[in-house]
Amino acid sequence: MKIATWNVNSIRRRLPLVLEWLAQHQPDVMCLQETKVSDEEFPVEIFRGAGYQAAFRGMKGYNGVATLSRREPEAVLYGLREGPDNEDVRIIQTVVDGIPIINTYVPQGYRINSEKYAFKLEWFGHVRRYFEERLDPAKPAIWLGDVNVAPEPIDVYHPDRRVNDVDFHIDARNAYKHALAWGFTDVFRMQHPDRLQYTYWDYFRNALENNWGWRIDHILATAPLAAVCSKTDVDMAPRKAALASDHTVVWAEFER
């Protein structure tokens, strides 16, 4: 199974790039975040024409998650719980070939002294309970997406200057690691322990050219899948393309 994740920062703007990446790389599953469209405007038929089923939940202007799969998912769960849930635009679980795939767009947090940051920390607690209630760490599962946390100093430029940023503040890092400790492994860092590699660069101050970035997009696997992860990498080409998202694609392959 080849799986990829990409915060597209508007599926309308990035649709040609997504279709190009799908055609070139043929992933079995592609998870998208920040689709920024209401459900009735999601391009489901276009993706079907490209050979992909789409499970999605979105809203106009911000948030939104979508999981594209070659096979029809055996099950789809929107949000953190059954029934109506405001967080269904941030988390979607699809079961593909028996593997639960949890696609998340974690709250960014705004500022560390804000209610939005407090909500971000709570969100990681909610998702940890979600794992405890719905998954088994001894069985295959994948958690991926824009997690909005750079876990270690190697994962952010000038880390000494980022300590009060919501994506690197120690409380956010600890909350993320507590969720991760349920039973997930960061497969990129497992395979590339010392590699300086980011997944996000803002549009200002020549950030991409200067490599002033963050590794905040992750693919995380339970032990049975981490053990058979044959390759994982970050594709820089989508970030360098015309009309690019400020994030790029992270992908991994798992032997079955």
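The values are calculated or read from the model by the stated rules, or taken from the named source; none is laboratory data. Predicted model only: the values in this text are computed from it and were never measured. We place every Cβ from the backbone using ideal geometry, glycine too, and count neighbours over all the protein chains shown. Accessible surface areas use protein heavy atoms only, side chains included; no ligands, DNA or RNA. Shrake-Rupley method; radii C 1.70, N 1.55, O 1.52, S 1.80 Å.
Out of the GluC sites (Glu not before Pro) in segment 48-93, which ones are loop residues according to DSSP with at most 15 other C-beta atoms within 10 Å?
Of the GluC sites (Glu not before Pro), the ones in loops of segment 48-93 whose Cβ has at most 15 other Cβ atoms within 10 Å are GLU74, GLU82.
Between beta-carbons, use under 10 Å as the cut-off and find the net charge around ALA54, counting Lys and Arg +1, Asp and Glu -1.
Here the count lands on 0.
By the scheme Lys and Arg +1, Asp and Glu -1, what is the net charge of all other residues having a beta-carbon under 15 Å from that of ALA226?
0
Assuming a ≥ b ≥ c are the square roots of the Cα gyration tensor eigenvalues, decide whether segment 154-256 counts as rounded (a/c under 1.5), prolate (otherwise, with a/b larger than b/c) or oblate.
Oblate is the answer for segment 154-256, as a/c is 1.5 or above yet b/c matches or exceeds a/b.
In nm, what is the difference between 0.36 nm times the number of residues separating ALA181 and LYS2 and their Cα-Cα distance?
This chain segment gains 62.0 nm when fully extended.
Around ALA207, what is the net charge, scoring Lys/Arg as +1 and Asp/Glu as -1 over all other residues with Cβ under 13 Å from its Cβ?
With Lys, Arg at +1 and Asp, Glu at -1, the net is 0.
What is the chain by shape, rounded, prolate or oblate, if you read a ≥ b ≥ c off the alpha carbon gyration tensor as root eigenvalues and call it rounded for a/c under 1.5, prolate for a/b larger than b/c, and oblate otherwise?
rounded
Could you check how much of the accessible area of the chain is carbon and sulfur, as a whole percent, using a 1.4 Å probe?
For the chain, the apolar C and S fraction of the accessible surface comes to 49 percent.
Want the number for HIS126 to VAL228: 0.36 nm per residue separation, take away the alpha-carbon distance, what's left?
Additional length available on full extension: 33.9 nm.
With each label point set 7 Å from Cα along the Cα-Cβ vector, what nm distance links GLU40 and ASN206?
So the label points at GLU40 and ASN206 sit 4.7 nm apart.
Could you tell me whether segment 1-98 comes out rounded, prolate or oblate from its Cα gyration tensor? Rule is a ≥ b ≥ c as square roots of the eigenvalues, rounded for a/c under 1.5, then prolate if a/b exceeds b/c, otherwise oblate.
Here segment 1-98 falls in the oblate category.
State in Å² the accessible area per residue of segment 150-243; use a 1.4 Å probe, count heavy atoms of protein chains only, and round to the nearest integer.
For segment 150-243, the solvent-accessible area averages 46 Å² per residue.
Length gain on complete extension for the stretch GLU255 to MET190, per 0.36 nm per residue less the alpha carbon to alpha carbon distance?
Working it through step by step, the gained length comes to 21.8 nm.
Rounded to the nearest Å, what's the spacing between the alpha carbon centres of segment 123-150 and segment 1-43? Just the number, please.
Value for the Cα centre distance between the two parts: 21 Å.
Using 1/(1 + (r/R0)^6) with R0 = 25 angstrom and r between the beta carbons of SER114 and MET236, what's the FRET efficiency to the nearest 0.05?
So, using R0 = 25 Å, E works out to roughly 0.15.
Would you mind getting me the FRET efficiency between GLN26 and ASN174? Use the beta-carbon distance for r and R0 = 35 Å, nearest 0.05.
Working from the Cβ atoms, E equals 0.40.
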